[in-house]
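Have a look at the structure below before the remarks.
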Amino acid sequence: MRLLTTAILILQTTRLFTIAQEATPLPRSNPETQGVSSRSLIDLVEALDSKIPGMHSLMIVRNGHVITEGWWAPYRAEDNHVLYSLSKSFTSTAVGFAVSEERLSIDDPVGLFFPDAMPDEASYNLKSMRVRDILTMTTGHQQEPSAAAEIVSTESFLSQEVPHPPGTHFKYNTAATFMQSAIVQKLTGKTVLDYLGPRLFAPLGIEKPEWDTNFQGISLGGYGLRVRTEDIAKLGQLYLQNGKWNGKQLIPMDWVSMATSKQVSNGSNPDNDWNQGYGFQFWRCRHNAYRGDGAFGQYCIVMPDQNAVIAITSGVSNMQSVMNVIWDFFLPACQTEALKPNKAEVTALKSRLTSLTILPAKGNLTSEQASRVLNRIYTLDVNEQGYKSIRINHSEKSNELTLRLEGSERTLSLPAGYLAWHSGRSDISAGRLAHFSNEQVAGTFAWEKENVLTFKICAIETPFHFQIRLRFEDDNITLESESNVAFGPRNHSPLKGKLKR
C-alpha cells in the first residue's frame, strides 16, 4: 500500500511539473498595438516613480498582452514577493474550486466542518455563520479574531463572540480567510497551497509559490503567500477571462461572477476605492473595476471595461494614492483601436522601465572617521532587541560594507555597496506580522556626515526597506533604524554601545 501511495505521489508530482513546464509567460506586445500609447505609459511610470515612494514592480496587461513591465532595483522579475492580504483572493479561489467539485456549499454552516472546535454552548449567531459569510467578511464579529500564525486556529476563531447576525455586518476579518483555508484542508486533506497546485498554479505557470502556515500546518489563507509579479497578473487575467485559461474552463464562470461582484456594502464614500463593495475576497473599485490587494501596496486590479489587468508590488503607506495614479493616467490612455506604431516612444518606454530603482543611501564613499571605526567591534548596552555587538566589515576590493549585529538568538548580516545594490541573506524584523528568517536582502551605504554612516536595506521579497544610521562620537556608537512601513511604529529604540578595546 505504501509503495502504491508513493507511486501515485510521484505521478502527481511529475504531472504538476509537466504542466508547469508546458505553461508559457503571458504574451508581450508593444502598447500601441493594444490601443495604448507608449508616451501615456511613460507618464504613468513617471507619476508612480515620483509621487509614490516604495514602488517595487508594475505590470500592465491589455487584451491579454503585457504592454508594460518594470521592477525598481534591487527588486527583480524572478523573485517572489510577500502578498499579505492579496493572498485572500487566492484562498477564495480555492474555495471556488472546492464548491465546483461539490465538496461544500457556500451556504453550509462553518461549524459543520469543525464540530469538535465549537464551544459547548455555541450562540445562535455562531451556529448561523455560513461559508458565504466568511467569504464576504460578514461573520458577525465586532472584534476581529487574532490572525497571528502562533494563535489563529479553528478553535480560536470559533471561540470569538459573534454579537451581530452573520451576513449583516461588514468587518474586515483575516481570521475568516484562515477558516476558508482550514475548511479546504479539512475536506481535501491538502493545504490550500497543495490543493491549488494542479488546479491553479500549474496551469497558469506559477512555478514557485510559497505559503506560510499556522502552528498546526494550515496555510494562513488571509496572508502568507508569495508569488511573482507576473503570477499576480495571471490570476487577474484568469478572472478577466471569466475563469478560462488556454481554452479550458478552470473556474466556473458563475463563481467568477459572484466572487467579483458586490455581495455586501462596505462604505459610502464615492471617491474611496475601499467603499465600493466587497465580493468573495475581492474588493470592488471605482470605474467598474475590482481587485485583490494586500498591505503596503500589493495589487491585482482587474478592469473589464478596458480589458486590462494591473499587477503591482510595493511598500507604500497610502494605498489609495496608487489607485488614484492608475485612474488618472491609465484610464484615459485606453483606446478601442490599435494606434499608429511609434518606435521611438516604445524605445523610450523600455529605457525608462529598465532604469527604475529604489533610491540608494545618499552621501560620500568614505569619511575621515572610516579608518577608525570600520572592522572594529562595538559592545552594545542591554537592549530589548537582544543584540550584543555591532561590527562594520569593510571590503576594499568591492567597496562593500557589511553591517553585522550579533545577539544571543540571532545575527543580522546586511551587505551594502556604494551607489550599487549588494545582495545577501539575513533575518529581518519590521514589527508585528513582519518577522522573516533568512530573507534575500540588498543594501547600499554612504557617509551622510563625517560621523554618520547610513545604510539603506531592502528585503527584496517583502514590502520593507530599512534606513539605518550609525552615529560615531569618540568611542561611542548609536544606531537608529526606521522602516518604510510597518504594522505599528516604524522606529525601533536606538541601540547604544562602546568601542571594544
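Looking at the range 283-334 only, could you name the residues that are in contact with an Asp or Glu (Cβ under 9 Å, 6 or more places away or on another chain) and part of a loop (DSSP other than H, G, I, E, B)?
Hits for the range 283-334 are C285, R286, H287, N288, A289, C334.
Looking at (1) among the small types (G, A, S); (2) surrounded by 16 or more Cβ atoms within 10 Å (Cβ to Cβ); (3) free of Cβ contacts under 8 Å to residues at least 24 places away in the same chain, find the lone condition where G70 falls short.
(3)
Could you pull out the residue among L187, L240 that is in the same structural domain as A117 (by TED's automatic domain parsing) and of a type in the set (A, V, I, L, M, F, W, C)? Walk me through how you get there before you give the answer.
Details: L240 fails: in the same structural domain as A117 (by TED's automatic domain parsing).
Unique residue meeting the criteria: L187.
Contact list please: Cβ distance under 6 Å, first residue in the range 191-206 and in the same structural domain as S100 (by TED's automatic domain parsing), second residue of a type in the set (S, T, Y) and crowded, with 20+ Cβ neighbours inside 10 Å, pairs at least six apart or on different chains.
T191/S219; V192/T91; V192/S181; V192/S219; L193/S219
Among the residues of the range 11-30, is any modelled with pLDDT of 50 or more, under 28 Å from W245 (Cα atoms) and more than 27 Å from the chain's Cα centre (by Cα)?
From the range 11-30, those modelled with pLDDT of 50 or more are 22-30; that's our starting set.
Restricting the remaining residues to those that are under 28 Å from W245 (Cα atoms) gives 22-30.
Then keep just the ones that are more than 27 Å from the chain's Cα centre (by Cα); that gives 30.
Yes, that holds for at least one residue.
Given the conditions (1) outside any helix (DSSP H, G or I); (2) free of Cβ contacts under 8 Å to residues at least 40 places away in the same chain; (3) of a type in the set (D, E), report the number of the one that E337 does not fulfil.
E337 satisfies every listed condition except (2).
Quick one: in the range 413-460, which of the residues that are in contact with a Lys or Arg (Cβ under 6 Å, 6 or more places away or on another chain) and of a type in the set (S, T, Y) is farthest from N80 (Cα to Cα)?
Out of the qualifying residues, it is T454.
Considering only the range 280-308, state which residues are of a type in the set (G, A, S) and touching a strand residue (DSSP E or B) at 6+ places or on another chain (Cβ under 7 Å). Quick ask: steps written out before the conclusion?
Within the range 280-308, the subset of a type in the set (G, A, S) is 289, 292, 294-295, 297, 308.
If the condition is that a residue be of a type in the set (G, A, S) and touching a strand residue (DSSP E or B) at 6+ places or on another chain (Cβ under 7 Å), then A289, G292, G297, A308 are the ones that fit.
Read through the list (1) among the hydroxyl-bearing types (S, T, Y); (2) assigned by TED's automatic domain parsing to the domain that holds Q216; (3) in a helix (DSSP H, G or I); (4) farther than 16 Å from Q180 by Cβ, then give the number of the only condition that S50 fails.
(2)
Please verify whether K397 is free of Cβ contacts under 8 Å to residues at least 60 places away in the same chain and on the phi < 0 side of the Ramachandran plot, treating the condition exactly as stated. Give the derivation first.
Values: free of Cβ contacts under 8 Å to residues at least 60 places away in the same chain: yes; on the phi < 0 side of the Ramachandran plot: yes.
When the stated conditions are applied, K397 passes them.
Could you list, in sequence order, all residues of the range 349-383 that are surrounded by fewer than 18 Cβ atoms within 10 Å (Cβ to Cβ), part of a helix (DSSP H, G or I) and not charged (D, E, K, R)?
Listed by number, the residues that qualify are S351, L353, T354, S371.
Could you tell me whether Y239 is closer than 20 Å to G96 by Cα, touching a strand residue (DSSP E or B) at 6+ places or on another chain (Cβ under 6 Å), not aliphatic (A, V, I, L, M) and not in a loop (DSSP other than H, G, I, E, B)?
On the way: closer than 20 Å to G96 by Cα: yes; touching a strand residue (DSSP E or B) at 6+ places or on another chain (Cβ under 6 Å): yes; not aliphatic (A, V, I, L, M): yes; not in a loop (DSSP other than H, G, I, E, B): yes.
So Y239 passes the test.
Which one of these does A289 not meet: (1) touching a residue at least 24 places away in the same chain (Cβ under 8 Å); (2) surrounded by 21 or more Cβ atoms within 10 Å (Cβ to Cβ); (3) over 22 Å from A175 (Cα atoms)?
A289 satisfies every listed condition except (1).
The values are calculated or read from the model by the stated rules, or taken from the named source; none is laboratory data. Keep in mind that what you see is a predicted model, and the values were worked out from it rather than measured. Virtual Cβ from ideal backbone geometry, glycine too; neighbours counted across all protein chains shown.
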